[in-house]
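Below: the structure, in structure tokens.
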Amino acid sequence: MFQASPWRTDFPAIAALARQQQTYLDNAATTQKPQALIDALGHYYSHGAANVHRAQHLPGALATQAFEACREKVAGWLNAPSPNQILFSHGATSALNLLAYGLEPLFQAGDQLAISALEHHANLLPWQQLAKRRGLELVVLPITAAGVVDLDQARELIGPRTRLLAVSQLSNVFGTEQPLPALLALARAQGALTVVDGAQGVVHGRHDVQALGCDFYVFSGHKLYGPEGVGVIYGRGEALGQLSHWQFGGEMVHQASYHSANFHPAPLGFEAGTPPIGAVLGLGATLDYLGGLAADAVAAHESALHAQLLRGLRDREGVVLLGEPQRALASFNVQGVHPADLAHLLSEQGVAVRAGHHCAMPLMNHLGQPGAIRVSLALYNDSSDLQRLFEALDGALALLR
Ligand code: PLP
């Protein structure tokens, strides 16, 4: 059955891409933007930009008001108890680095940090490098063949020396949801801090950070149909209180002399320098737009389209899926075909998918794969996009095999 997206025309780039004969299926890398975001950026930059939290003048007051209103929107989106528990960073990567540096003083040599074997580099390297700086042990939780953290092994490996667990919500390689409630409970039982990388998870469905019960939750604006340059860190009250200031300068300072300084608490104390004001306003407009959509209809659409994607891939001889994808995306290889060659032929036919290690090199090595092709969906995709993908795939495979 043809699965149409009623939201397709809200995203002007889809029509523009179609005029260039391009079908965009690389949404886990970044998304196209709704008109509401484009309008909000245009409005801000054409009505008077100003810095926030520093000037007395009217443009400064208006910008600060609008900026803080967006913090409230993000808090509402995640059901955070207070906007003061929302910190703006420059993306998920910068958010995870902020956490790794800000939490560093809490750890001592011999402590363990646990991550999973399927983490994106953004949720691996900051912890790996922290472990090296501080003499900590990085424990890598194994995954099952389906592409989820193996809970039996996690039960063995998360123990009294575990001081922090950092895991992703939705795998950017497998499209699998991680068993967060069970994993977070294991870490909490040991008194360990918990960090959830929501970069992919936040895009699909609504998530309640209080119900999730994590200490920190991070995501990037640009994967959630928002602008680049802005990321979000939610912190649970007590956990935020344990975070040390990391980057210094600008309005994060409370009092400064030549030889000493003290700093604001969260959120301002963790937003050194001029924040990404336009991007924050754009993210706020995007959340307004997304909040106006019927969440059930979006979820049903995404799930029907994902099922069509999986069916189409599974129907094709030689296609081997990585893990057992549950939502949003699927990665695959074709027996006897190098993914880079296949991606090249797909690109030549105007189908934009991602090929490579998906910023998860250790995982690809673990899987013994040179890379994989990833097809990732967004709410504006429809069955015509999948038809073009499969036609292009058949054409490419006819040439390559
Ligand atoms: N975590 C996951 C699971 C991701 O998929 C990505 C990006 O692909 C990131 C973190 C990093 O996001 P960003 O590049 O926006 O910082």
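Every number here is computed from the coordinates shown, using simple stated rules; none is lab data. Note that this is a predicted model, so its numbers are computed, not measured. Because the Cβ atoms are built from the backbone with ideal geometry, glycine has one as well, and the counts that use them run over all protein chains shown.
Worth a mention:
- FRET efficiency, 1/(1 + (r/R0)^6) with R0 41 Å, evaluated for Arg155 and Ala18 via beta carbons: 0.25
- Mean residue ellipticity, 222 nm, helices only, the chain: the sum of -39500 (n - 2.57) across DSSP H runs of n ≥ 4, divided by residue count and rounded to 500, is -12500 deg cm²/dmol.
- Of all DSSP beta bridges in the chain, antiparallel share, percent nearest 5: 55
- Neighbour-count order for Phe219, Phe332, fewest beta carbons within 10 angstrom listed first: Phe332, Phe219
- Built amide H within the under 5 Å cut-off of Leu136, gap 5+: Gly110
- Positive-end residue, the chain charge dipole about Cα centroid, Cβ charges, pick of Ala50, Ser220, Gly291: Ala50
- Legend: ranking of residues Arg236, Arg311, Arg374, Arg188 from fewest to most surrounding C-beta atoms inside 10 Å; resulting order Arg311, Arg188, Arg236, Arg374.
- About its Cα centre, segment 187-306 has a charge dipole of approximately 160 debye under the convention of +1 per Lys or Arg Cβ and -1 per Asp or Glu Cβ, with nothing else charged.
- Only the Cβ atoms of Lys and Arg (+1) and of Asp and Glu (-1) were treated as charged; on that basis the dipole of segment 338-401 about its Cα centre amounts to roughly 220 debye.
- Calculated on the alpha-carbon coordinates, the convex hull of segment 1-72 measures out at 147 cubic angstrom per residue.
- Each part reduced to its alpha carbon centroid, segment 134-202 and segment 213-265 end up 23 Å apart.
- In straight-distance terms, cross-link reach from Lys132 covers every one of the aspartates and glutamates whose alpha-carbon lies under 15 Å from its own, apart from those fewer than eight places away in the same chain; here that gives Glu104, Asp111.
- Value of relative contact order over segment 9-93, rounded to a whole percent, pairs C-alpha under 8 Å and six or more apart: 15
- Residues Val298, Val320, Val353, sorted so that the one with the fewest Cβ neighbours within 10 Å comes first: Val320, Val298, Val353
- From the C-alpha gyration tensor of segment 38-291, square roots of 5λ in Å: 32, 22, 14
- Across segment 301-401, the fraction of Cα-Cα pairs farther apart than 15 Å, rounded to a whole number, is 59%.
- Here Lys73 is the anchor, and the lysines within straight C-alpha reach of less than 22 Å, apart from those fewer than 8 places off in the same chain, are Lys33, Lys223.
- The charge dipole of the chain, taken about its Cα centre with unit charges on the Cβ atoms of Lys, Arg (+1), Asp and Glu (-1) only, comes to about 360 debye.
- Furthest towards positive pole of dipole, Asn333, Ala4, Pro126, structure part the chain, Cβ charges: Pro126
- Where labels lie 7 Å past Cα in the beta-carbon direction, separation of Ala261 and Ala55 in nm: 2.2
- For segment 89-153: rounded, prolate or oblate by the Cα gyration tensor [a/c cutoff 1.5]: oblate
- Unit charges at the beta carbon, dipole of the chain: most positive-side option, Asn262, Asn79, Leu99: Asn262
- Separation of alpha-carbon centers, segment 290-357 and segment 42-74, rounded to whole Å: 40
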